[in-house]
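Below you'll find the structure, written out as structure tokens, and then a few comments.
Please treat every number below as a calculation from the coordinates, not as lab data. These numbers come from a predicted model, not from an experiment. Note that each Cβ is placed from the backbone with ideal geometry, even for glycine, and that neighbours are counted across all protein chains shown.
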Amino acid sequence: MRRIFLALLVLAIYLLPLSTACASPKAKKSLPLNSKIIAIDPGHGGYDPGTLWEDLYEKDINLIVARKVADNLKKNGAQIILTRDGDYNYALPGMRGRQAKRYDLNQRIEIAKAHKADILLTIHVNGSRKRGYEGAETFYHAKSTDGKILALAIQQELRSIPGMTQRIAKITNCYMVRQTKIPAVLVEVGYLSNAHERKLLQEARYQELLAQKIAEAIILYYNSPETIKSNMIHDTLANANYVLRVMGYTILGESEEQELIE
Ligand SMILES: [Zn+2]
């Protein structure tokens, strides 16, 4: 009996490191976003609802979509920093207007910086007096090459959603994207002011689809940036806006979110 026990013990000791050795490479088998730190900023929050339609607030949709983006990225190995994970913002009591907005945005940028985020996405919903406007669009800062590639990737993936209006990635000078050294983009996932898109933006399935596309774009950004660049040459050339920009005209964004641009 004792001999059998000893034999089993020896066998167990022998097998233990072996099984660990077998498991190890599998565990290390890299997920596409292993070691990447990604900051996601759900725009607005607290007293600042963003754009709204009756009792439907942009801040709430931003948070739902941001959390879904976070889940999709985590599945691919990324470490996620959410700059807010509830209905609040960082402005201090007594602060008002622009001062409050800037303080809030600065805090969010600091959170991304403190966690050494590799990229920063600020997620928003658009609104316009022109009720016909619809479609997701992604913005980047003119001086950020990485920001541009990331924005092109996200816009390319969002455009692949069936029925999506074919907008292009655009330049923005909005505060958050301008003020951070981290490659940053502003993603407007759709227009709350458009009846069709307003309905979609409230559907969990559509929110998940947006999140999946954004996550796929981030994987593309890290793993095949060259593909993004070459795809977008055709894409952009096909778009008259690009030609106008080359000729020196300023293309005004259709975003109505002036508070971000201050
Ligand atoms: Zn917004």
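Values as computed for the structure displayed
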{"item": "Whole-number percent relative contact order across region 34-261, with pairs defined as alpha carbons under 8 Å at least 6 apart", "result": "24 percent"}
{"item": "Net charge over other residues, Cβ less than 14 angstrom from the Cβ of A70 (K, R count +1; D, E count -1)", "result": "+2"}
{"item": "Rounded, prolate or oblate (a/c below 1.5 giving rounded, otherwise prolate when a/b exceeds b/c) for region 89-202 by Cα gyration tensor", "result": "oblate"}
{"item": "Nonlocal amide H pairs with Y57, under 5 Å, H built at 1.01 Å", "result": "none"}
{"item": "Global form of region 41-143, assessed from the alpha-carbon gyration tensor, a/c cut-off 1.5", "result": "oblate"}
{"item": "Modelled FRET efficiency - R0 45 Å, I37 with N231, Cβ distances, 0.05 increments", "result": "0.95"}
{"item": "Cα gyration tensor shape for region 34-261, rounded if a/c is under 1.5, else prolate or oblate", "result": "rounded"}
